[in-house]
Amino acid sequence: MPETTAARPSAEPGRADRPIDLLIVDEADDPFGHAFSSFATARGVAVDRCRLPVAARRTTLDIAGCEVTVDPAPSVLVRPARPPLPDATEDERFAWTECYSTFWSAAALSPRPVVNRPNEWGGVSRSVLSAVVTERRAGRVPVLRENFWNDRPPPDPDRWFHQDLGSFAVSDSPAGITFGRSRERTATQGWEQVVVVGSAGFRVTTADIGPRDVEAQSVAAVAALGLQFATVSWAIPAGDGPAVLARVNPFPGLEECRPVLREVFTTLLELLLP
């Protein structure tokens with residue numbers, strides 16, 4: 001499996017010795033990392049993209065008493081890391097775990113901007129699979145119940161949305177699901193999603209959702225969860241009720257951001273390179 005991704009700006013003629021401004025740690029097939037790297041490079045930023053094991057091997061942590069120095073220490077965008085394959089050997093798993101812990105420490109302790117920086121809550125901060133737990137951690141009071149189940153979906157299945165926790169696919173019916181998560185549904189007029197970058201929130205549609213300020217609510221929720229970059233999905237009730245937080249994704253994909261991609265990329269670059 002190749003450990004580096006697309007051509008790195010640092011390898012271009014005349015730039016071999018130029019310090020890296022921005023490190024993107026992702027997988028080679030991550031379209032967001034590829035697109036953002038191209039966007040930053042076009043604006044004169046020295047960008048390096050690599051997989052987590054490569055980033056770890058290039059990083060040195062110097063610990064002297066209570067002082068920790070990370071070298072090199074560019075700004076870092078952390079994307080999802082693919083774990084070892086199921087048929088990996090014990091040595092391969094051990095090596096990957098060591099690389100993961102090294103990079104985790106470097107990203108957590110770096111004095112430079114890191115999005116999203118790992119902390120005591122983990123790599124996705126306080127956001128979790130449970131919508132209700134995430135909603136509470138975001139400082140909101142859940143108004144719809146949630147049910148995790150194994151072979152026994154909740155009664156009145158038509159009143160719930162159902163997610164297969166094997167494939168994470170969402171459907172209106174629990175049929176064919178063995179281990180699932182169900183969330184009560186309410187009559188909705190539609191859905192809205194907001195991409196949050198730092199203190200800015202960008203709605204991905206221009207639909208009329210009334211006076212609901214989902215941008216501000218999304219920014220507040222993401223900040224409460226300890227994140228800097230995330231997408232927040234909302235169910236918009238058919239009546240006058242408040243928007244219902246449905247999901248927080250701490251690793252937004254390219255397609256999620258596409259309707260507001262230029263705004264997202266511009267703000268993200270400013271956040272990483274203030």
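Table for the structure above
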item	result
The range 9-115 - Rg (one decimal) and Dmax (whole number), Cα, Å	14.7, 43
Longest to shortest principal axis, alpha-carbon extents of the range 188-262, angstrom	31, 25, 17
Within a Gaussian network of the chain (alpha carbon springs, distance under 10 Å), most fluctuating of A169, A55, A223	A169
Read-out percent of Cα pairs over 24 Å apart, derived from the coordinates shown; its label in [x] 45; [y] 56; [z] 61	[y]
Beta bridge orientation in the chain: antiparallel %, DSSP, nearest 5	80 percent
Euclidean distance of C-alpha centroids, the range 49-93 and the range 139-196, integer Å	36 Å
Candidates G201, G226, G210: whichever shows maximal mean-square fluctuation once the chain is modelled as a Gaussian network with Cα springs under 10 Å	G210
Residue with peak Gaussian network fluctuation, the chain [Cα springs, cutoff 10 Å], from A207, A246, A224	A207
FRET efficiency, D71 to Q189 (Cβ-Cβ, R0 45 Å, nearest 0.05)	0.25
With 5 Å bins from 0: P(r) over the range 145-184, alpha-carbon pairs, percent	6, 32, 42, 18, 2
Cβ-Cβ FRET estimate between E263 and I63, R0 fixed at 51 Å, reported to 0.05	0.80
Helix-only CD estimate at 222 nm, as mean residue ellipticity for the chain, using -39500 (n - 2.57) per DSSP H run (n ≥ 4)	-7500 deg cm²/dmol
Charge sum, other residues only, whose C-beta stays under 10 Å from A221's C-beta, Lys/Arg counted +1 and Asp/Glu -1	+1
In Hz, Karplus ³J(HN,Hα) per residue of the range 184-197 (6.51, -1.76, 1.60; θ = phi - 60°; x = Gly, Pro)	3, 10, 10, 4, 10, 9, x, 10, 9, 10, 10, 9, 9, 10
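Read the figures in this text as sums done on the coordinates, not as results from a lab. Note that the structure is predicted; figures quoted are calculated from it, not measured. Here the Cβ is made from the backbone with ideal geometry for all residues, glycine too, and neighbour counts use every protein chain on show.
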